[in-house]
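The values are calculated or read from the model by the stated rules, or taken from the named source; none is laboratory data. What you see is a predicted model, and the numbers here were worked out from it, not measured in a lab. Cβ placement follows ideal geometry from the backbone for every residue including glycine, while neighbour counts extend to all protein chains displayed.
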Amino acid sequence: MLEANHYRQMTFDERVSEKFYDGYLDTLDSAHLIFTQGDLDEWADYRGKLHRLTLKPRGEGDTQPAFDIFNRYFERLEQRVTYVDELLKDPANFNFSVDERILINRKDELPPTNLDEAKKLWRERLRFEYLQEKLARTGAKKKTATASTTAFSTPVPATVTTNSTIEPAKKKTDAEEIADLLSRRYHRNLRFFKEWDNEDVMQ
């Protein structure tokens with residue numbers, strides 16, 4: 001993204017610098033869930049001077065801003081996954097007996113002020129994802145029950161019993177299966193970004 005040869009056909013001035021800085025942040029965190037205001041304040045100087053950092057003599061541009069931003073992004077993702085796993089260990093975190101509201105589209109919202117505020121947003125989003133999975137499973141079970149009632153109107157042969165002492169594996173509860181599903185999803189996303197190389201960061 002910050003390589004000088006990308007912009008040979010345009011004047012890479014302060015205005016364009018701000019545009020590409022904002023675009024890079026939006027690409028990584030369009031929902032304003034990951035970066036804190038403290039992160040953005042730390043990089044405030046980058047926004048208007050990428051053109052001076054990037055277009056140095058003899059093509060020796062400074063691409064450090066992109067790596068600073070991406071490394072912080074990955075650090076925040078790791079913190080989020082760790083926090084999500086902690087929440088998923090306790091079913092009490094997913095009690096939906098209280099009426100709550102969550103803002104899904106945060107594109108036009110301000111970023112969280114600090115990490116504590118970010119964690120509140122991460123918790124809200126996780127609870128929303130958990131509820132979606134729970135409702136989906138409830139709906140699927142109702143459909144299955146209705147279909148079973150219709151299909152099995154004739155007697156089903158009795159199950160043959162044996163003297164086997166092998167006990168079937170204990171089936172996980174819906175809560176356990178949802179927790180596993182969400183944890184895998186978050187870890188898969190983290191692995192995706194962990195595999196990025198220098199070229200990916202610069203796109």
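If you go through segment 182-201 and keep only what is farther than 21 Å from LEU126 by Cα and part of a helix (DSSP H, G or I), you end up with LYS194, ASN198, GLU199, ASP200, VAL201. Scan segment 83-93 for residues that are under 14 Å from LYS120 (Cα atoms) and either surrounded by fewer than 17 Cβ atoms within 10 Å (Cβ to Cβ) or charged (D, E, K, R) (or both) and the total you get is 2. The set of residues in segment 45-78 being surrounded by fewer than 20 Cβ atoms within 10 Å (Cβ to Cβ), of a type in the set (A, V, I, L, M), in a helix (DSSP H, G or I) and at pLDDT below 90 consists of LEU53 alone. Considering each of ASN163, ASN198 in turn, give the residue that is more than 25 Å from GLU129 (Cα to Cα), of a type in the set (S, T, N, Q) and either at pLDDT 70 or above or in contact with a Phe, Trp or Tyr (Cβ under 6 Å, 6 or more places away or on another chain) (or both). Selected residue: ASN198, the only one of ASN163, ASN198 that is more than 25 Å from GLU129 (Cα to Cα), of a type in the set (S, T, N, Q) and either at pLDDT 70 or above or in contact with a Phe, Trp or Tyr (Cβ under 6 Å, 6 or more places away or on another chain) (or both).
Name the single residue that is surrounded by the fewest Cβ atoms within 10 Å (Cβ to Cβ) among those in segment 17-44 being assigned to a helix (DSSP H, G or I) and of a type in the set (Ser, Thr, Tyr). Checking each candidate, the answer is THR27.
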